[in-house]
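See structure below.
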Amino acid sequence: MMAVLGALSVGPSAEAAVMTQWNFNSDPADAATGTGVTTPAVGIGGATLLGVTGSFSSGDASGGSSDPSSGDDSGWQTTGYAAQSVGNKTRGTQYLVSTLGFENITVSYDLRHSNTSSRYEQVQYTLDGSIWNDVAQFDGNAGDTWFNGRSVDFSAIAGVADNPLFGVRIVAAFAPGGTGYLASDATKTYGAAGTWRFDMVTVSGSEIAAVPVPGAVWLFGSALIGLLGGARRKA
């Protein structure tokens, strides 16, 4: 009996789960890495190009992404980035995902840099679908290379959990403290025709548990139900 005097959780335990994931593979599978889709493989969300053009290319090439698929593993290829020294943090890709019912949100992705692509990736987030805030920057310091498992933890940012308007952007950024882009391959020169190839863009979180019911309230409710039941039997 004493055990019920503590808080009683009436909701599910909070375990991390994939809410939405894009792997960009063809659906149905067609054994061609040059085709693909931008609809999520898991969950619901919207993927959008920001000032660039998109196509599909191999997720297996150049060492490959973390996608376990093989042969039909596509990545979202992007090109047409800004000219040198203009358009800082304006071109890349955007992903909108409702976090209603979830907290402890994390976003992860794989990204292949070509030799002349922007070396620096800026991750931004929104709470309202219109205002975007910088949250993390990554250094893609090698060309023709996949950088797998990029990850940003949003659990400490107020307003991200349980938000229908949450979203992230991954955009090309100037070198830190600089006024222009650097190429991923240090021996090359940055060019707008350089490419970024995305794969395994994943939004994860833990389900928000129901508000715990204090033990005293539970006992009172149980006693009240018992009294009502007894009254009905006497009637």
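Bear in mind that the values in this text are calculations on the coordinates, not laboratory data. Nothing here was measured: the structure is a model prediction, and the numbers come from that model. Please note: Cβ atoms are built from the backbone with ideal geometry, for glycine as well, and neighbour counts cover all protein chains shown.
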| Ordered by packing density, taken as the mean number of other Cβ atoms within 10 Å over each peptide's residues, highest first, how do 103-114, 48-59 rank? | 103-114, 48-59
| query | Which values of log₁₀ I(q)/I(0), to two decimal places, follow from the Debye formula for segment 64-103 at q = 0.30 Å⁻¹ with a uniform point scatterer at every Cα? | reply | -1.02
| said: Under 8 Å for C-alpha pairs, at least 6 residues apart: give me the relative contact order for segment 15-234, rounded to a whole percent. | reply: 28
| Charged-residue dipole, Cβ positions (Lys, Arg, Asp, Glu), segment 60-201 about Cα centre, Debye nearest 20 | 560
| note | Checking rank on 196-204, 130-138, 176-184, with mean other Cβ inside 10 Å and highest first, the result is 196-204, 176-184, 130-138
| remark: Among Leu100, Gln84, Ile157, the residue whose Cα sits farthest towards the positive end of the charge dipole of segment 19-161, when +1 is placed on the Cβ of each Lys and Arg and -1 on the Cβ of each Asp and Glu, is Gln84
| For segment 81-150, size of Cβ-based charge dipole, Lys and Arg +1, Asp and Glu -1, in debye | 200
| remark: Shape descriptor, segment 36-102: equivalent ellipsoid semi-axes (Cα gyration tensor, sqrt 5λ, whole Å, largest first) stand at 23, 20, 10
| task | For an R0 of 22 angstrom, estimate the FRET efficiency from the Cβ-Cβ distance between Ala209 and Asp128 and round to the nearest 0.05. | result | 0.30
| Compactness of segment 109-190, expressed as Rg and Dmax over alpha-carbon positions, Å | 14.3, 45
| message | Give me log10 I(q)/I(0) at q = 0.11, 0.13, 0.15, 0.18 Å⁻¹ for segment 15-234, Debye formula, one equal scatterer per alpha-carbon, no solvent. | response | -0.56, -0.73, -0.94, -1.27
| field | Radius 11 Å from Cβ of Arg169, net charge of other residues (Lys, Arg +1; Asp, Glu -1) | value | 0
| remark: Hydrodynamic calc, segment 169-213: Kirkwood Rh from Cα pairs, then Stokes-Einstein at 4 °C with viscosity 1.567 mPa s, so D in µm² s⁻¹ is 88
| message | Test of understanding: ordering Glu121, Glu207 by Cβ neighbours within 10 Å, fewest first, what list do you get? | response | Glu207, Glu121
| Arranged from highest to lowest average of other beta-carbon atoms within 10 Å per residue, in what order do the peptides 162-169, 64-71 appear? | 162-169, 64-71
